[in-house]
1. Kindly indicate whether Phe213 is on the phi < 0 side of the Ramachandran plot and more than 14 Å from the ligand (Cβ to nearest atom).
2. Give the residues of the stretch 72-89 that are surrounded by fewer than 19 Cβ atoms within 10 Å (Cβ to Cβ) and either touching a Gly at 6+ places or on another chain (Cβ under 7 Å) or not in a loop (DSSP other than H, G, I, E, B) (or both), sorted by residue number.
3. Which residues, taken from the stretch 133-158, are of a type in the set (Phe, Trp, Tyr) and assigned to a loop (DSSP other than H, G, I, E, B)?
4. Given the options Ala170, Ala191, Ala207, name the one that is over 16 Å from the mean Cα position of the chain (by Cα) and modelled with pLDDT of 95 or more.
5. Just one of Ala192, Ala161, Ala207, Ala220 is among the aliphatic types (A, V, I, L, M) and either in contact with a Pro (Cβ under 8 Å, 6 or more places away or on another chain) or in a strand (DSSP E or B) (or both); which is it?
6. Which of the numbered conditions does Val181 fail, given that it passes all the others? Conditions: (1) more than 21 Å from Trp225 (Cα to Cα); (2) within 16 Å of the ligand (Cβ to nearest atom).
7. Is it the case that some residue within the stretch 56-75 is within 16 Å of the ligand (Cβ to nearest atom) and over 30 Å from Gly137 (Cβ atoms)?
Amino acid sequence: MPIRLICLDADDTLWHNMRHFELAEKALERMLAPFAEGPAVRDRLNAIETRNLPVYGYGAKGFTLSMIEAAIEICGDALPPDAIPEILAAGRQLLAHPVELLPGIEETLEALAERAPIVLVTKGDLLHQESKLAASGLGDRFSGIEIVSDKKPETFTRIFAAHGVSPEQAVMAGDSMRSDVLPALSAGAWAAFVPHDLVWSHEATDAPEHPRFRCIASLAELPGWIDQIG
Ligand SMILES: [Mg+2]
């Protein structure tokens, strides 16, 4: 059955994202260097982020709050007075960085658009994701924009229904095994994993053995796979 809907992740699938979070983490490590080793800061931050996800959700603002919590937990009463303003500045930078597209994205979107309507499916802070999409200049390439709090199988089920396709007529592609691939497969769709150099540990998990799953080296391989499915 041919593909009639193409769903794409945004962060680290269309444009760079993790590198900016890494810069903010490095800044936090430098700030807290007198109190803890870099790996210890990173581990503590990861644990706090995971603990906070159900409350703050995904995105740069929740991440900034988690950095503040990490600094407070690590430094205790010795927290330097300039630590919180510095963390807030790092968080603000995270919200304001320029959007850099991954190589060949515009050409790939053109090739995909010849095959089926494209829907952007992304999670994170609503305003931040909207701003990045506007700055990317890609807005008019999409038939739909879905900025969601989390990507679960039912998220994809709802999106497929809204666009009038059955799950086996839809494909989802992205750089997160946990958020892009597994829930789309569970919903009955095809799913392509497009690995990115930088992976947030929270999003990493084993590749599934699944007839509707494919790992592709870059998004440029997606149009060819879609043709094979059809
Ligand atoms: Mg992503």
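1. Answer is yes for this residue.
2. Residues satisfying the conditions are Ile72, Glu73, Cys75, Gly76, Asp77, Ala78, Ile84, Pro85, Glu86, Leu88, Ala89.
3. Phe142
4. It is Ala170.
5. Among Ala192, Ala161, Ala207, Ala220, only Ala192 is among the aliphatic types (A, V, I, L, M) and either in contact with a Pro (Cβ under 8 Å, 6 or more places away or on another chain) or in a strand (DSSP E or B) (or both).
6. (1)
7. Checked the stretch 56-75: no residue is within 16 Å of the ligand (Cβ to nearest atom) and over 30 Å from Gly137 (Cβ atoms).
Here's the yes/no breakdown for (1) free of Cβ contacts under 8 Å to residues at least 40 places away in the same chain; (2) not assigned by TED's automatic domain parsing to the domain that holds Met31:
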| position | (1), (2) |
| --- | --- |
| Glu86 | no, no |
| Ala89 | yes, no |
| Ala116 | no, yes |
| Leu127 | yes, yes |
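The values are calculated or read from the model by the stated rules, or taken from the named source; none is laboratory data. None of these values were measured; they are calculated from a predicted model. Reconstructed Cβ throughout: ideal geometry from the backbone, glycine too, with neighbour counts over all protein chains shown.
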